[in-house]
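Structure, as structure tokens:
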Amino acid sequence: MSTRSSKGTKFVDCDVLIVGGGMAGCGAAYEARHWGRKLKIVIVEKAHIDRSGAVAMGLSAINCYMGMRWNENTPEDFVRYVRNDLMGIAREDLVYDIARHVDSTVHLFEEWGLPIIYDKQTGHYKREGRWQILIHGESYKPIVAEAAKKSASEVYNRIMVTHLLRDSTRKNRIAGAAGFDVRNGTFYVFRARTVIVSAGGATHVYRPRAVGEGAGRTWYAPWSTGSAYALVIQAGAKMTQMENRLVVTRFKDGYGPVGAWFLALKAIATNVYGEEYERKYVEEQRKLYGNYVDAKPFPTCLRNDAMLREIRDGRGPVLIHTERVLDTREKEELGWEDFLDMTMSQSIAWASLNIDPKTTPSELQTSEPYVMGSHATCSGAWASGPSDISPPGYHWGYNRMTTVEGLFGAGDTVGGSAHKFSSGSFTEGRLAAKAAVAFIEDHPDERPEVDDSYIRSLKEEVFKPLETFEVRRNQIVAGTVSPLYIYARQGVVRLEKIMDEYCAGWGQMYTTNEYQLTRGLELLLMLKVDLQNLAAEDLHQLQRAWELHHRVWTAEAVVRHTLYRKETRWPGYYYRADYPKLDEVNWHVFVNSRYDPDTQTWTMSSEPVHQLVP
Ligand code: SFD
Ligand code: AMP
């Protein structure tokens, strides 16, 4: 190995390893310490835990709060909401489990110093909508991280985890994780008795609306790179709902979220002729997608669908009438703070485009697809549910354990249960950690077994892009063009093009068919071959290279799932043009997949959807 890649190797042994110190990871550390007072709990985070993950910039609302102490909602109400919003398909055991615990999480946040806004008249938290409460959330992440730092035995910042470690003696048992320090290139091997993956969702799998110099601007964090999915897939965990990618309606160009505007400020959206369009297509939608059109609130994907119909018919852009609702100082402040706390780019877009929201409506636009398990979609690992409520098939011993023994997930990592948001993700981290501690107590003598030869070959693989650059750089044709290698940036652009054009990106109005998906999969597999020739000129580019690997694994799962589900279940997220209807008879099921790391083959299956709440 060259001098560039031959930095030292550090070994860390621990009981609970948390991969990703975002919302779910912080929740996991906090709860693991509560139940496992003497355990060694380690967080490994690729950025810095104080400002990492989707909440790095702050948030202006907590979107999952029941309000049970004021009898505002019950967990059953929440399950019905999530089920309807997901067009009938939800792991109700997982959703219920979050709902019954999430309020206690929010109360902890308040105790730790997060300013939550109160309604002066009721004395309750001020509601944005039925499930959402308003916060002054610029410092949300550092506040939550402080509790996690106090709970963890050690926090390793700036270490990107590239691989999970499988136990060398017990098949299907996790043994830890490996990665590298993005600042000094040290190779890290974490040997762990249990691993909780909480590494967030995925952006830049699809071509973003913002390109060129604006490419870093996406709604979900550009540093959410699909690690959660790639890591657990390659460890052999079963996945679910990877086809259920998220398309969100956002303020154009700045990607400002719409929730506060629709729910708290009661803004309306119209087509360019001033016509309200949201319910205009209900009867046509009913013919295609059934009685889900009667759900209240109107499902997120159907709202997107109505908007896309307007745009397809040339009545776009759709406009949100901010100018009709900012009639008091208080409302104006709420509107600006919504973006300044959470999506500053939107305020900057307004300023730079000469838009004053008090006088001018703003254009709305549907985003590029993201892969997530915590917003209005639920891609991720197929996880065991809680023993008291999960029916057979949904429960195999430990809450939030994947199908790999000792490997748990939380937040965006876990599939089947949408609408967790920040508070639900933290809560799910807590649930996973409690179960991980129980797993350790039930297996007191099990220690991870990892072969030295496995570690050596992994290290070589991780640093290979640096080696490739060093050895082949003299043969550059011009600029960044080389016949012998590709850079991460070139690879990500190629990935985004494939996914946009073949797997229902915005460039195809979110539409695809079997031919396109089959061809898209072929192109992805060719890209995977070329990834063997990724080159990185420094550690920053090495991180980009591994982020690309993770995005490509995520994309492959998305394509395979989309190919398998022969219906259009979530119009507005994507359309299977060859199966344009929702098919309740054959496809009211979860679509699951498993990649077998030993044979390197994928198996697709479907699992029943059990309705638990009437
Ligand atoms: O309105 C590795 N979200 C909102 N949630 C709310 O509750 N209220 C809102 O107002 C929200 N809005 C919103 C939201 C997100 C964003 C980006 C915007 C607006 C602009 C959603 C929540 O933020 C989201 O649901 C949770 O954060 C999900 O939690 P989690 O833990 O699953 O993901 P994370 O927080 O991103 O953390 C992941 C961590 O993993 C690290 N990581 N570490 C080591 N090795 C690797 N290979 C790694 N890969 C990733 C990351 O650095 C990160 O720390 S609204 O628009 O919906
Ligand atoms: P967003 O700002 O789009 O991320 O949404 C924040 C929260 O508000 C999420 O819980 C959304 O499901 C919800 N939401 C946003 N817009 C609407 C709407 N028009 N009707 C009902 N719920 C909405």
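Numbers for the structure displayed
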item	result
Selection within the range 429-458 - over 26 Å from the mean Cα position of the chain (by Cα) and within 16 Å of ligand 1 (Cβ to nearest atom)	Leu458
Residue check, Ala557 open to solvent by less than 30 Å² (accessible area, probe 1.4 Å) and more than 24 Å from Val197 (Cβ to Cβ)	no
Members of the range 225-251 found to be of a type outside the set (Val, Ile, Thr), within 16 Å of ligand 2 (Cβ to nearest atom) and open to solvent by less than 10 Å² (accessible area, probe 1.4 Å), listed by number	Asn244, Arg245, Leu246, Phe251
Which numbered condition Glu363 fails, given (1) under 30 Å from Asn172 (Cα atoms); (2) among the acidic types (Asp, Glu); (3) not in a loop (DSSP other than H, G, I, E, B)	(1)
Residue identified as open to solvent by less than 60 Å² (accessible area, probe 1.4 Å) and within 16 Å of ligand 2 (Cβ to nearest atom) among Ala47, Ala54	Ala54
Asp327 within 28 Å of Asp583 (Cα to Cα), among the acidic types (Asp, Glu) and either crowded, with 21+ Cβ neighbours inside 10 Å or not assigned by TED's automatic domain parsing to the domain that holds Gly429 (or both)	no
Among residues of the range 102-120, those that are within 21 Å of the chain's Cα centre (by Cα) and more than 15 Å from ligand 2 (Cβ to nearest atom), counted	1
Residue among Pro208, Pro257 that is open to solvent by 10 Å² or more (accessible area, probe 1.4 Å), under 17 Å from the mean Cα position of the chain (by Cα), at pLDDT 95 or above and within 16 Å of ligand 1 (Cβ to nearest atom)	Pro257
Residue, farthest from Tyr188 (Cα to Cα), within the range 459-480, restricted to residues that are β-branched (Val, Ile, Thr) and more than 16 Å from ligand 1 (Cβ to nearest atom)	Val477
Selection within the range 252-279 - outside any loop (DSSP other than H, G, I, E, B) and near ligand 2 (Cβ under 10 Å from one of its atoms)	Gly259, Ala260, Trp261, Phe262, Leu263, Ala264, Ala269
Identity of the residue in the range 346-360, assigned to a loop (DSSP other than H, G, I, E, B) and without any contact (Cβ under 8 Å) to a residue 60 or more places away in the chain, that ends up most open to solvent (accessible area, probe 1.4 Å)	Asn354
Residue match in the range 597-610 (condition: on the phi > 0 side of the Ramachandran plot and open to solvent by 60 Å² or more (accessible area, probe 1.4 Å))	yes
Total residues in the range 164-180, condition in contact with a helix residue (DSSP H, G or I) (Cβ under 8 Å, 6 or more places away or on another chain), crowded, with 20+ Cβ neighbours inside 10 Å and not aliphatic (A, V, I, L, M)	2
Residue check, Lys38 without any contact (Cβ under 8 Å) to a residue 12 or more places away in the chain and not assigned by TED's automatic domain parsing to the domain that holds His550	yes
Selected residue (criterion: nearest to ligand 2 (Cβ to nearest atom)) from residues of the range 121-135 that are assigned to a loop (DSSP other than H, G, I, E, B) and either in the same structural domain as Glu31 (by TED's automatic domain parsing) or basic (Lys, Arg) (or both)	Arg130
Subset of the range 331-370 [among the charged types (D, E, K, R) and farther than 30 Å from Thr413 by Cα]	Lys331, Glu332, Glu333, Asp356, Lys358, Glu363
Qualifying residue in the range 300-322 (condition: assigned to a loop (DSSP other than H, G, I, E, B), outside the structural domain of Pro222 (by TED's automatic domain parsing) and open to solvent by less than 10 Å² (accessible area, probe 1.4 Å))	no
Residue in the range 20-39 that is open to solvent by less than 10 Å² (accessible area, probe 1.4 Å), within 25 Å of Ala152 (Cβ to Cβ) and of a type outside the set (Gly, Ala, Ser) present	yes
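Every residue, every condition in (1) open to solvent by 20 Å² or more (accessible area, probe 1.4 Å); (2) closer than 17 Å to Ala433 by Cβ; (3) in contact with a strand residue (DSSP E or B) (Cβ under 9 Å, 6 or more places away or on another chain); (4) within 16 Å of ligand 2 (Cβ to nearest atom), yes or no:
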{"residue": "Tyr370", "(1), (2), (3), (4)": "no, no, yes, yes"}
{"residue": "Ala376", "(1), (2), (3), (4)": "no, no, yes, yes"}
{"residue": "Ala383", "(1), (2), (3), (4)": "no, yes, yes, no"}
{"residue": "Ile389", "(1), (2), (3), (4)": "yes, no, no, no"}
{"residue": "Tyr394", "(1), (2), (3), (4)": "no, no, yes, no"}
{"residue": "Gly409", "(1), (2), (3), (4)": "no, yes, yes, no"}
{"residue": "Asp412", "(1), (2), (3), (4)": "no, yes, yes, yes"}
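The values are calculated or read from the model by the stated rules, or taken from the named source; none is laboratory data. On a predicted model such as this, the values are computed, not experimentally measured, just so you know. So basically every Cβ, Gly included, is an ideal-geometry build from the backbone, and we count neighbours across all protein chains shown. Heavy atoms of the whole protein, side chains included, go into the accessibility calculation; ligands, DNA and RNA do not. Shrake-Rupley method; radii C 1.70, N 1.55, O 1.52, S 1.80 Å.
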